[in-house]
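S.K.: Got a structure for you, questions after.
Values in this text are rule-based calculations from the coordinates and carry no lab data. Only a predicted model underlies this, so the values are computations on that prediction, with no experimental measurement involved. Here Cβ is always computed from backbone atoms with ideal geometry, including for glycine, and neighbour counts include all displayed protein chains.
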Amino acid sequence: MVERARVAIAAIGLAALAACGDTTGAGATATAPPPGPAPAASATASSDPTPQVIEVSPVPAPTVAKTQRRVQIFSGPSDVPVPSAPDRGRGVSVVQLRATNQADIGTYVADGRGMTLYRFDKDSAKPSKATCAGDCAKTWPPLLISSPGQIYPDGVDPQLVGYVERPDGTCQVTIGGWPVYRFARDTAPGDIRGQGVGGTWFAVAPTGERTKPLPEVVTVPTPTAR
């Protein structure tokens, strides 16, 4: 099963040059074949010559929960390592979304590398519309998925995941209808430097809502000696 999954992901990568709205060919909706039974592990106690068989339940592979044109959204995280691929401006063929907890802002969504994803209050969710373009998109790069493509959410309801087509024809991932972005000044996994910028940018929650603003830092003046 693992080898078939690797081949499937590789095949998606070969077709990544297709345009976002390209609907030629049927969108594949077949789910992954059910995993075979896992080998049973056995343990033998030193005082008992009879082996004890311990049943091990196989971890089910994610299935296709939703299809938007030629982009498949799966029911959970990928069961095989997802190879990293460069984004050449049209998005990558496989996107991972991970719910992550942070003490100050609560639960937010990060990409497969752990980089925080943000939403912009000037965008809209109903209907989905991205308004950050040009110089704005250089500071806030949109999270793009190529077509055909696959999205694997972990801790995010797959029914809330999708994409919106941008004016340049690329597909931007959405959560709860909100287009999501990275922040250029975040340099390491877990960075949330974009939180609250301009009062309009916030890390996106798994529901698509805004996360909590960062707590205000109160500076207590140091008393002067008399």
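S.K.: Subtract the Cα-Cα distance of Arg113 and Arg193 from 0.36 nm times their separation in residues, and report this length gain in nm to one decimal.
M.R.: Details: separation 80, 0.36 × 80 = 28.80 nm, distance 1.62 nm.
Between Arg113 and Arg193, full extension yields 27.2 nm more.
S.K.: Extending each Cα 7 Å along its Cβ direction at Val80 and Gln159, get the distance between those two points in nm, one decimal.
M.R.: Simple spin-label model gives 3.0 nm for this pair.
S.K.: Just the Kirkwood number for segment 109-226, please: inverse of mean 1/r across all distinct Cα pairs, in Å, one decimal. Please list the in-between numbers first.
M.R.: Details: mean 1/r = 0.0659 Å⁻¹.
Answer for segment 109-226: a Kirkwood hydrodynamic radius of 15.2 Å.
S.K.: Show me the ranking of peptides 99-110, 152-163 by mean Cβ neighbours inside 10 Å, starting with the highest.
M.R.: Going from most to least packed, we get 152-163, 99-110.
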